[in-house]
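The values are calculated or read from the model by the stated rules, or taken from the named source; none is laboratory data. Values in this document were obtained by computation on a predicted structure and should not be read as measured data. Cβ: placed from backbone, ideal geometry, glycine included. Neighbour counts: every protein chain shown.
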Amino acid sequence: MSAAATEIPYDMEPHPLTQMYNGKFGIWLFLASEIMLFGALFSSYVLLRVGAPAGTWPILGAPTELGHEILNVPLAALNTVILITSSVTMLLSWYHLKLKEFGKGQRYLLITVLLSCSFLVVKYFEYNAKLHHYMVEFDAPLVVDGEEVSYSRTYATAEGDRTVHYLHGHIEETVKDEDGYVEYHKFALDPRKPDFGHEAGGEHAADHSGDHPVIDLRPEDYRRMSNWGPAASTFTGIYFTLTGLHGLHIIGGVVVMVYFLLTGGSMWKKLPEKYTNRIECTGLYWHFVDLVWIFLFPVLYLL
């Protein structure tokens, strides 16, 4: 069998029916399925938000049961700039390959990879802050050294008004007994909250020597302690679902781009047009991933 007989037809030239080569047509079909996937998740987000009780869904600048600083808008805005820039460098990579400038095309592809990794690093810090920030709920106001240190908020529910007593902060140390049961947590209060200004002492031993006042919290002191992870609320659950799935798409794109960076030289020497087409298909996928984030940023962080 001749080499010509084994070639895949319309691998580089447009198909007469679709007016595009097979790889490009395939990536558009794939992106159509991705639109359905993210469309279903965005629809779920809308339904959950519309049905959420008043005061339980974070709104920019408004306090909620979990507090009004669940999301870091500046970091998300930085990531938005990073992804938009990566779309530009991805386009420039394809542009220079079309001009037969392989070196410049590879350099811009490398810059795209670096920007993508920067996005993931910023997202790591954002996730890490949420997973290590705790909210502690109490059935009654928490009193330390004769002064109430917890905060409270009352909001309406279907069963009537509900008052939540809470503290925000992070766990510095967990002290356990010989059997492994938690005796108490050394809990550093959120420094953005007012200090309650008493000397250390008493059952809860407050420490005001630093920016994070530390109190001892025993399991019997509070009703619930949870971080801002997926299990904290309906909002954080769908937030981690949407941003986590988007992050997996970022990782997938990085893997493909790194593969082309490492193997592109050999394909370019034999079939430069085919390699250019592969980068174009990768770019279409990457632009879609960026577009999803452009929707995620305002929907999750601003609205």
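Before moving on, here are some points about what is shown:
- Matching residues in region 136-165 - criterion: being touching a Ser or Thr at 6+ places or on another chain (Cβ under 6 Å) and either touching a residue at least 60 places away in the same chain (Cβ under 8 Å) or in a helix (DSSP H, G or I) (or both): Phe138, Leu142
- Taking first residues from region 214-231 that are on the phi < 0 side of the Ramachandran plot and partners that are among the basic types (Lys, Arg), the Cβ contacts under 7 Å between residues at least 6 apart in sequence or on separate chains come to Val214/Lys186; Asp216/Lys186; Asn227/Lys130; Trp228/Lys130; Gly229/Lys130.
- Residue-level analysis places Glu13 outside the set of residues that are modelled with pLDDT of 75 or more, among the charged types (D, E, K, R) and out of contact with any helix residue (DSSP H, G or I) (no Cβ under 7 Å at 6 or more places or on another chain).
- One residue from Tyr108, Tyr124 being exposed (fewer than 15 other Cβ atoms within 10 Å of the Cβ) and outside the structural domain of Tyr222 (by TED's automatic domain parsing): Tyr124
- Restricting the first member to region 233-256 and to residues that are of a type in the set (Gly, Ala, Ser) and buried (at least 19 other Cβ atoms within 10 Å of the Cβ), and the second to residues that are at pLDDT 95 or above and part of a helix (DSSP H, G or I), the beta-carbon pairs closer than 7 Å and six or more apart or on different chains are Gly253/Ser116; Gly253/Tyr285; Gly253/Trp286; Gly253/Val289.
- Residue within region 269-281 that is among the aliphatic types (A, V, I, L, M) and within 20 Å of Trp94 (Cβ to Cβ) present: yes
- Verdict on Thr282 being under 18 Å from Ser33 (Cα atoms), β-branched (Val, Ile, Thr) and in the same structural domain as Glu126 (by TED's automatic domain parsing): yes
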